[in-house]
Structure formats: C-alpha cells, structure tokens
Amino acid sequence: MSEWAKHAVVLPGTGSDARFVADAFGRALSAVGVVTEAVEPDPTGIVASYESALVAAFDAHGPIIVGGVSIGAAVATAWASRFPDRVFAILAALPPWIGAPDGAPAAASARYTAANLLASGLDDTIAAMTDSTPGWLADTLSRSWRAQWPDLPTALIEAADFVAPDRLSLRGVRAPTAIVAAVDDPVHPFGIAEIWNTEIADSSLAAVTLSDIGHDPGVLGFRAVDALTGLL
C-alpha cells in the first residue's frame, strides 16, 4: 500500500477527551493528508459511542485509519480485528492490557478513581489527583473529568471492565499497526506494548517518555505516523 486513507478516527483514553487525542494525532495525520476525527466519549456508554463513530466513518469514507490512546487504542484494535476490511491502518498509543483487565494497572487506576469519586465527589478527587499527577496530565484530566461528570464513575468502571484483544486476536490483526508507548509509564507498562508488537505481524513499536508527551502530546502522533509510513 502506498496511498493513504484520507480519514482517521481516534479515540480517547479512560476519562480523557477528544481534545487530547486531537492534539496527539491531528497534526501528524494532517501532514500526510489525512483528516482526523477525534471522538468525544459518551460517559454513559464509552465503547458503544466509540464503535458507533467507527461505523459511521467507514460508511462515509470507506476503509479508515483507526487509533487512540489507552482504552481508545484497545477499542480501535478490537474493532479492526473484527472488521479487517474496514481498516486501512491502526495507530495504537499506550496500549493498556491484553485480554481481560485483571491486574492491569490502568484498570486498577480507573476503579480506584471511580471509588474515590463516589465516596468523595468530583472536586476532592480532582484535588487529590492534581497533587500526585504531572501538571500536563492533571490539566487534561481536570478538564475532561468535569465535562463527563456526573457520569464519570460509570465511564471509568466500564473502561476498567473492557476485554482488550488477547494474544490470539492480536495475531489476527491484518492492518499495519504503529504502536507508541512510554518507557516510564507505570499505568501503561512498556512490556504490554512489546507484546502487542510481537503478536501483530505487521507492526512497529516506538518508545517515548512521559515528559515527551507532557512537552507535546503530538509526539505520539508523529512517532506513530513516521512508523506507519515505514510499514506502508
């Protein structure tokens, strides 16, 4: 394949929003002539809202580039594994886990945050998160959490229960897949990304750091698009 698909759908991570994934992927995709559609999650049904957007985009544009961050990457890849003829390529940033989420740090973090929200409310939970989180991420989550309140706990619990592609499903992915992960991210272990890269035959893995993402979220998109260019 040499000519790129012209439309990409990118999906936010747990508790995040369309603005962050647009910042992460939009400029890099625009540089290769691809229009980016960043999906705003419906906190009352995250997966359904993501899959609805993917279906609508395919119906309108034909085979599309799909991607996302964390749970967004997992939903996009799962959809691509089920509908290979609808997907041109995958951009997977910070993949969260493989198969069932049991013991995954990202799922545990989502459940912990949901419990705190239900027990302490939004403002106190944001204050506690801000005290223990890098400034760029605290700003992003403060914005998106307030937008998704009061349904945010529901969204977090749904994400924490999502069954991501297992090894067998990853082996069945046919689309070229560019994976990007942070070597110092305890919530999205780099080892998970390495397994995704091993199991998806036509894939690549690029490494970044959390400070890279904090300086410019677009590093995720540029590294993914650069890698995808090589795969294509």
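The values are calculated or read from the model by the stated rules, or taken from the named source; none is laboratory data. Small disclaimer: the values here were computed from a predicted structure and weren't measured. FYI the Cβ positions are ideal-geometry reconstructions off the backbone, even for glycines, and counts take in every protein chain you see. In case anyone asks, the SASA skips ligands and DNA or RNA and just uses the protein heavy atoms, side chains included. Shrake-Rupley method; radii C 1.70, N 1.55, O 1.52, S 1.80 Å.
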statement: residue 133 passes all but one of the listed conditions (1) open to solvent by less than 40 Å² (accessible area, probe 1.4 Å); (2) touching a residue at least 12 places away in the same chain (Cβ under 8 Å); the exception is number (2)
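Across the range 181-232, what is the number of residues that are among the β-branched types (Val, Ile, Thr), in contact with a helix residue (DSSP H, G or I) (Cβ under 8 Å, 6 or more places away or on another chain), over 24 Å from residue 171 (Cβ atoms) and open to solvent by 30 Å² or more (accessible area, probe 1.4 Å)?
Residues meeting the conditions: 3.
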- request: Would you check if there is a residue in the range 89-105 being open to solvent by 50 Å² or more (accessible area, probe 1.4 Å) and without any contact (Cβ under 8 Å) to a residue 60 or more places away in the chain?
  value: yes
query: With 144, 169, 120 as the choices, which residue is over 14 Å from the mean Cα position of the chain (by Cα) and closer than 23 Å to residue 209 by Cα?
result: 144
field: Single condition residue 127 does not satisfy, out of (1) over 16 Å from the mean Cα position of the chain (by Cα); (2) closer than 23 Å to residue 107 by Cβ; (3) not polar (S, T, N, Q)
entry: (2)
message: Considering only residues that are within 17 Å of residue 13 (Cβ to Cβ) and either of a type in the set (A, V, I, L, M) or surrounded by fewer than 18 Cβ atoms within 10 Å (Cβ to Cβ) (or both), which ones fall in the range 150-177?
response: 151, 152, 154, 155, 156, 157, 159, 160, 161, 163, 164
field: Complete set of residues in the range 22-51 that are assigned to a loop (DSSP other than H, G, I, E, B) and open to solvent by 30 Å² or more (accessible area, probe 1.4 Å)
entry: 32, 33, 40, 42, 44
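Take the residues in the range 52-65 that are in contact (Cβ under 8 Å) with a residue 40 or more places away in the chain and on the phi < 0 side of the Ramachandran plot, then tell me which one is most open to solvent (accessible area, probe 1.4 Å). It would help to see each step written out before you state the result.
Step one: of the range 52-65, the residues in contact (Cβ under 8 Å) with a residue 40 or more places away in the chain are 53-54, 57, 60-65.
Now drop any that are not on the phi < 0 side of the Ramachandran plot, which leaves 53-54, 57, 60-61, 63-65.
Numbers: 53: 15, 54: 0, 57: 3, 60: 75, 61: 100, 63: 68, 64: 0, 65: 1 Å².
This residue is 61.
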statement: Out of (1) in a helix (DSSP H, G or I); (2) closer than 27 Å to residue 66 by Cα, the one residue 88 does not meet is (1)
query: What about residue 19, is it at pLDDT 95 or above, in a helix (DSSP H, G or I), touching a helix residue (DSSP H, G or I) at 6+ places or on another chain (Cβ under 6 Å) and open to solvent by 40 Å² or more (accessible area, probe 1.4 Å)?
result: no
statement: Only one of 110, 115 is open to solvent by less than 70 Å² (accessible area, probe 1.4 Å), of a type in the set (A, V, I, L, M) and under 26 Å from residue 66 (Cα atoms), namely 110
